[in-house]
Amino acid sequence: MKKWMKFGGVALSLTLMMVLFAACGGKSGNNTPANTTENLPTAETAATEEPKAPVETKKAKLVLNWFPKAQHGGVYAAKEQGIFEKHGFDVTLEPGGPQVSAVQIVASGKAEFGLAHADQIVIAKNQGIDLVVVAAALQGSPQAFMFQESAEVNSFEDLNGRTVFIQPGITYWDFLKSKYDLSGAKEMTYTGQHVNFLADPESVTQAFLTSEPFFMEKEGVKTKTLLISESGYNPYNVVLFVTKEYLEKNKETVGNFVAAFSEGWMSYKDTSKEVNAAIHAANPNIDLDAIDFEDQAQKEFVYGGDAAEHGFGYMTEERWSTLINQLADLGLLKNKFDAKEIFTTEFLPGK
């Protein structure tokens, strides 16, 4: 009897346990308590797990001032590293070249943004094309005259009496001829080839400090250079611009693009090695080591000068006014105009 009572007590206990388990919602194959909030997402985790709305991207085209080079490093950094995308842009880069005018393409509405030299923007204004510059990629100009080491050239006056390979109509040559006596200089058309220059050790050719001297060195020719800016003619070399009409209608878009453009250039400063590979892929006609050379040679022009103190892209009214006056004195402008009509710094970082 005692055994039965003992056995019955155990059975009763087991029965009660099963009832309690069922009451708590236990089911075969499911060991999660039905009424517990232990595994439900908290407000914090729900917020972090909520899918983010995709950033709406806007298509935009940027026309380069020349074939892809290191002088477009910040642009390719922004493209390759997703910086344009982060700022809401799907950007198409259109290479420039001798037959491509970024000014004309942007003015026609076929592209939103363009790169050009500052004096091209001023002359365009004189032709009735209203453009506004929103950032300067290169503070100074690496444009120079190059000559072989044996040539006795120490100043611009020394160009007189020599053969000078120069692109017809290039503005700084007009400036130099107005400032110095170069009446004895023999002007020959610059073609980009240096065969005739090499054949005449006393000749001088236009060049970029960031490229041609490197090519000559690879050929075993020692050269020297004379920067055009040392003559007093020193416009911003590569500037980002839009039409006045586009700016007035799309201020927020322009502001976002300038932010991406500036961020790309600041990123390029530290990541140029990988970005240069992308530039080379876009323009395989230029060797990678030449792109690397240009990258290093242009750093002072991009990040030095006023940019060192005021930040990338900085511009002053004084320099724009000086350029306008110089071009007017050369007879290249019908009328002078206020420098504030063709540039603004309101979209630059920190403004």
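Does segment 215-228 include one or more residues that are of a type in the set (Asp, Glu), modelled with pLDDT of 95 or more and more than 30 Å from the chain's Cα centre (by Cα)?
no
Of the residues SER183, SER229, which single one is among the small types (Gly, Ala, Ser) and closer than 18 Å to GLN71 by Cβ?
The match here is SER229.
For the list (1) assigned by TED's automatic domain parsing to the domain that holds PHE301; (2) at pLDDT below 95, I need the number of the one condition that PHE113 fails.
Going through (1) assigned by TED's automatic domain parsing to the domain that holds PHE301; (2) at pLDDT below 95 one by one, PHE113 breaks only (2).
Just checking, how many residues over segment 312-339 are farther than 15 Å from VAL239 by Cα and of a type outside the set (A, V, I, L, M)?
Final tally of qualifying residues: 12.
Testing SER101 on (1) touching a residue at least 24 places away in the same chain (Cβ under 8 Å); (2) over 13 Å from the mean Cα position of the chain (by Cα), one condition comes back false. Which one is that?
Status for SER101: all satisfied but (1).
Does segment 247-266 hold any residues that are of a type in the set (Val, Ile, Thr) and surrounded by 22 or more Cβ atoms within 10 Å (Cβ to Cβ), and which are they?
Of everything in segment 247-266, those that are of a type in the set (Val, Ile, Thr) and surrounded by 22 or more Cβ atoms within 10 Å (Cβ to Cβ) turn out to be VAL254, VAL258.
So, in segment 124-145, of the ones that are within 14 Å of GLU230 (Cα to Cα) and over 22 Å from the mean Cα position of the chain (by Cα), which residue ends up surrounded by the fewest Cβ atoms within 10 Å (Cβ to Cβ)?
Top of the filtered list is ALA144.
Among residues belonging to segment 164-176 that are of a type outside the set (A, V, I, L, M) and buried (at least 18 other Cβ atoms within 10 Å of the Cβ), point out the one that is farthest from PRO98 (Cα to Cα).
Restricting to residues being of a type outside the set (A, V, I, L, M) and buried (at least 18 other Cβ atoms within 10 Å of the Cβ), the top hit is PHE175.
The values are calculated or read from the model by the stated rules, or taken from the named source; none is laboratory data. On a predicted model such as this, the values are computed, not experimentally measured, just so you know. Neighbour counts run over all protein chains shown; Cβ positions are idealised from the backbone, glycine included.
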